[in-house]
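Everything on this sheet refers to the single structure shown next.
Every number here is computed from the coordinates shown, using simple stated rules; none is lab data. It should be emphasised that the depicted structure is a prediction, and the values quoted were computed from it without experimental measurement. Counting neighbours? That spans all protein chains shown, and the Cβs are built from the backbone with ideal geometry, glycine included.
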């Protein structure tokens with residue numbers, strides 16, 4: 001800061017002013033502080049989003065009973081879906097092929113209600129589980145609906161791990177929703193219900 005003097009030695013006559021270079025330096029500091037504030041605000045927001053994403057819960061249920069009325073069910077069958085390509089490349093999302101499906105046994109219609117009620121209880125809410133299979137393969141259940149859509153649930157083995165695939169298909173046999181994971185408790189409960197209603201161990 002520089003100053004000048006007026007009226008001889010009278011201190012009241014001093015006139016002070018800012019050095020332009022110092023003023024620019026102060027402005028630069030303020031700009032730098034603002035940039036740092038924006039940067040750290042962005043980083044904090046990103047961190048909070050990541051934490052929230054990792055904390056999200058996902059629903060993994062074999063069947064949603066509230067989505068369908070029993071009267072909409074056309075058929076429930078024990079099936080085998082032969083898909084050898086799935087064993088070679090389980091991450092490949094292949095189109096459903098009815099020629100690969102073999103119906104082993106059909107459930108009596110008077111058992112639909114109890115079966116679907118028990119099936120809807122299998123699963124739960126959890127953090128994100130890695131997808132292992134993206135296509136059906138192996139033995140499981142086919143639930144056909146009156147309008148032509150269906151749900152296909154199969155159990156297969158990938159790298160010595162049991163995996164369960166649940167796919168929901170529309171009337172054109174195009175998959176709308178699915179998951180293919182390794183969840184031992186879910187698979188065990190599914191095998192139990194299959195044995196209870198069909199007398200078959202899978």
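Brief remarks on what is shown
- Taking 166, 200 and counting other C-beta atoms within 10 Å, the order from fewest to most: 200, 166
- Cα gyration tensor shape of segment 52-190, rounded if a/c is under 1.5, else prolate or oblate by comparing a/b with b/c: oblate
- Order of 91, 135, 156 under a 10 Å beta carbon neighbour criterion, fewest first: 91, 156, 135
- Fewest-first ranking of 173, 188, using other Cβ atoms within 10 Å as the exposure measure: 188, 173
- Prolate/oblate/rounded label for segment 117-163 (Cα gyration tensor, a/c 1.5): oblate
- Difference of contour (0.36 nm per residue) and Cα-Cα distance, residue 109 to residue 67: 13.3 nm
- Highest-first arrangement of 191-198, 104-111, where packing means the average Cβ count within 10 Å: 191-198, 104-111
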